[in-house]
Amino acid sequence: MGQFFPNGIAHYLAGGLIIGAAVGLLFITTGLVGGMSTLYSSTWSYFSKQPFFQQANLINSRQWRLAYAAGLLLGGVIWLAWSGSGAWQTGVPVWQLVLGGFLIGFGARLSNGCTSGHGICGLASLQLPSLLAVLTFLATGIATAHLVAWIGGY
Amino acid sequence: MKTTQLFWALVAGALFGFGLSLSAMVRPEVVLSFLRFKDLGLLLVLGGAATVALLAYQLAPRLLDKPFFGQAFVKHPSSLNVRTIIGAAIFGIGWGLCGVCPGPAIAGLGSGNWPLLAAVLGIFAGAWVQGRFFFGR
């Protein structure tokens, strides 16, 4: 077991249960399904007149999605204060963050879901397409991460 | 009603962001080490989160007529088509390249991992290109 979890399992399990509780809390209080990636389209509806971004489902959800995102930021701040471990910055090169981010944004919106949308909300509502999406991005993610390591990338 | 919903979205988001930070999903290095089979912790995070969410999604509509501060429980079916799968494949390539997801990118900023701003800008750019040029159904 230990070889697969060199950093222990407690914080992973606790964090996962809290994330599930957060998605559950949003659903029980408001009835809303809280994936994250739609935020990145719905926020464009404030700025872009393109027909896609003026769809009712994006305009009607943009406010709560921004509040949800503000909560995410706040949760990170609270964790930072609570843990007392100090801020930590990634060493992933900026070009990988930008290009990777671009593909994530494009792919998640084409797919209508990301790790939280398909992975948590989709699986939790027993959606077969979401299971297929999760298996697909796991496969291409694993392949890409291995390829990057193999060619000596970060 | 509207303000109440925004309040609960903020509270749920804060809980979400705390969980993402606690589980170290805001660290791309941890996600990349999962994808390289060095540390399988991400499976515990995803499994734990999906299990609790499953209970809420399955039980709440059976036990309650409607949400505490909302009109109805939203159903958000995902569609089985080629866009869902191709999009997921592209998402995975980006994920394997940078180790960031849309949620942790934002929560990570809150916990002081400011280089993730580059990823957030990339995600917004990718979402714009998708909506501008690839929105057909």
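Springs between Cα atoms under 10 Å define the GNM used for chain A, and in it the highest mean-square fluctuation of A:PHE47, A:PHE27, A:PHE106 occurs at A:PHE47.
Taking all protein chains as shown and a probe of 1.4 angstrom, B:SER79 keeps an accessible surface of around 50 Å². A 1.4 Å probe run over the range A:4-133, with the rest of the protein chains in place, finds 38 Å² accessible per residue. Counting heavy atoms of the protein chains alone, A:ILE78 has an accessible area of about 80 Å² for a 1.4 Å probe.
Between B:ALA72 and B:LYS38, residue separation times 0.36 nm minus the direct Cα-Cα distance comes to 8.0 nm. Across chain B, the relative contact order, built from alpha-carbon pairs under 8 Å that are at least six residues apart, equals 33 percent. Taking the accessible area of the range B:73-134, probe 1.4 Å, and keeping the other protein chains in place, the carbon and sulfur fraction comes to 78%. Placing R0 at 25 angstrom, the Cβ-Cβ distance between A:TYR46 and A:LEU135 gives a FRET efficiency of 0.15 after rounding to 0.05. Counts of other chain beta carbons within 10 angstrom of each beta carbon in peptide A:41-54 average 3. Among the protein heavy atoms of chain A, carbon and sulfur supply 72% of the accessible surface, probe 1.4 Å, non-protein parts ignored.
The mean sequence distance of close C-alpha pairs (under 8 Å, at least 6 residues apart), as a share of the length of chain A, puts its relative contact order at 25 percent. Put simply, chains B and A cover up around 10100 Å² of each other's accessible surface, both sides summed, when a 1.4 Å probe is used. Just checking the listed ones, B:LEU80, B:LEU54, B:LEU121: in the Gaussian network model of chain B with Cα springs under 10 Å, the one fluctuating most is B:LEU80. Between A:TRP88 and A:ALA56, full extension at 0.36 nm per residue minus the direct alpha carbon distance yields a gain of 7.6 nm. For the pair the range A:65-108 and the range B:70-122, the centres of their Cα atoms are 11 angstrom apart.
The values are calculated or read from the model by the stated rules, or taken from the named source; none is laboratory data. Keep in mind the model is a prediction, meaning the values are calculated, not measured. Neighbour counts run over all protein chains shown; Cβ positions are idealised from the backbone, glycine included. Note: accessible area is taken over every heavy atom of the protein model, side chains too, but ligands, DNA and RNA are not part of it. Shrake-Rupley method; radii C 1.70, N 1.55, O 1.52, S 1.80 Å.
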